[in-house]
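Here the structure comes first, spelled out in structure tokens, and everything after it is commentary.
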Amino acid sequence: MNSSTAQELAAHQDRYRELAARIADLGLISAGSITRRYTRCATPGCRCRADPPQMHGPYWQWTAKVDGKTVTRRLTPTEAGLYQEWIDNDRQLRHIVAQMRQVAAKATALILNDAKDQQTSQV
């Protein structure tokens, strides 16, 4: 492997390690989404049936796919804040992993090209 290729490979490996270190600092993760809902009840004289309506809420909900099924859970405002942080961490994780894949693809191409060049020079 020539020195410029080795330097380029080392740079990719350094970047890969930096990204891996960022993963270690993420904290807890959770899939899903948080929504704030306002609802109407069935009581005929309730304020939610007035004009203009004053809806009930806000109610916080977490929704995610668990074992292939959609699960929804009502949350307190504190729980909603925690879940939102964990969901944000999960999005960051996916973004970092995508970056790692790109860096790995570049490093892999360098390694494979070098192996191909070595094989060609030996023939």
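The residues of region 11-61 that are open to solvent by 80 Å² or more (accessible area, probe 1.4 Å), at pLDDT 95 or above, within 21 Å of the chain's Cα centre (by Cα) and not acidic (Asp, Glu), listed by number, are ARG15, TYR16, ARG17, ARG22, LEU28, ILE29, ARG36. Do we have GLU8 as under 20 Å from GLN92 (Cα atoms) and either open to solvent by 80 Å² or more (accessible area, probe 1.4 Å) or among the basic types (Lys, Arg) (or both) here? For GLU8, the condition - under 20 Å from GLN92 (Cα atoms) and either open to solvent by 80 Å² or more (accessible area, probe 1.4 Å) or among the basic types (Lys, Arg) (or both) - is not met. As for region 108-120, it holds at least one residue that is open to solvent by 60 Å² or more (accessible area, probe 1.4 Å), at pLDDT 95 or above and assigned to a helix (DSSP H, G or I).
Scanning region 47-69 for residues that are among the hydrophobic types (A, V, I, L, M, F, W, C) and out of contact with any His (no Cβ under 7 Å at 6 or more places or on another chain), which turns out nearest to GLY32 (Cα to Cα)? Within region 47-69, the match that is nearest to GLY32 (Cα to Cα) is ALA64.
Here region 65-91 is the region considered, the condition is being open to solvent by 60 Å² or more (accessible area, probe 1.4 Å) and aliphatic (A, V, I, L, M), and the residue that is modelled with the highest pLDDT is LEU82.
The values are calculated or read from the model by the stated rules, or taken from the named source; none is laboratory data. Bear in mind the structure is a predicted one, so any value in this text is a computation, not a measurement. Counting neighbours? That spans all protein chains shown, and the Cβs are built from the backbone with ideal geometry, glycine included. SASA here: full protein model, heavy atoms, side chains in, ligands and nucleic acids out. Shrake-Rupley method; radii C 1.70, N 1.55, O 1.52, S 1.80 Å.
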